[in-house]
Amino acid sequence: MSAPVAPPGWPAEVRAPGAPEWEASAEAWLLDLCPPDYRSYPVLRRHLVVLARFAVLHVEAGQLACRRGLSEARAELRGLVEPEVVDAVVDTWLREDARLAGARRAVGLVEEAVRGRRFRPQL
């Protein structure tokens, strides 16, 4: 039997699929990624695959909101704040978009593992 492998982009907070307690670490990380209210839904606590799907959709919704914020920032804020503030807002949206892209990759990998995919070492 081979040692558990975590692929590139795997979240550091989650043990590699197949490692002892990897599901518990995945559940904790997924719950931290989601809104706090998700902790109160029993179905999400009992079914890791369902929690992973909710987490994927939550991150994707954040990506959509981020892109909308970026596309509207200049027009919506023009005349309300100084131009350098608008520039800072745009920079913040760009940083958040990059963070969410990494989160989307990570949560997608965790969802694949929860669904049974096992990763192999890359040569």
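The values are calculated or read from the model by the stated rules, or taken from the named source; none is laboratory data. Worth saying up front: this structure is predicted, and the values here are computed from it rather than measured. FYI the Cβ positions are ideal-geometry reconstructions off the backbone, even for glycines, and counts take in every protein chain you see. For accessibility, only protein heavy atoms count, side chains too; no ligands or nucleic acids. Shrake-Rupley method; radii C 1.70, N 1.55, O 1.52, S 1.80 Å.
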Checklist line | Average Cα contact separation per residue, the range 1-57, under 8 Å, 6 or more apart, as relative contact order % | finding: 23
Check: To the nearest 10 Å², what's S71's accessible area with a 1.4 Å probe?
Finding: 90
Next item on the list: Would you mind telling me the share, in percent, of accessible area of the chain contributed by carbon and sulfur at probe 1.4 angstrom?
Entry: 56
Next item on the list: Name the helices (complete DSSP H segments) of the chain with a Cα length along the long axis of 30 Å or more and a Kyte-Doolittle mean of at least 0.5, or state none.
Entry: 48-77
Checklist line | Tail fraction, Cα-Cα pairs, the chain, threshold 18 Å, whole percent | finding: 59
Next item on the list: Report relative contact order for the chain in percent, whole number only (criteria: Cα-Cα under 8 Å, sequence separation at least 6).
Entry: 35
Checklist line | Label point 7 Å beyond Cα of V50 along Cβ direction - residues of the range 99-123 with amide nitrogen under 20 Å | finding: 108, 110-116
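So if I take the alpha carbon set of the range 1-56, get Rg, then get Rh from the Kirkwood formula, what is the Rg over Rh ratio?
Looking at the range 1-56, the ratio lands at 1.00.
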Item checked: Label-point separation in nm, A12 to E82, each point 7 Å along Cα→Cβ -> 3.5
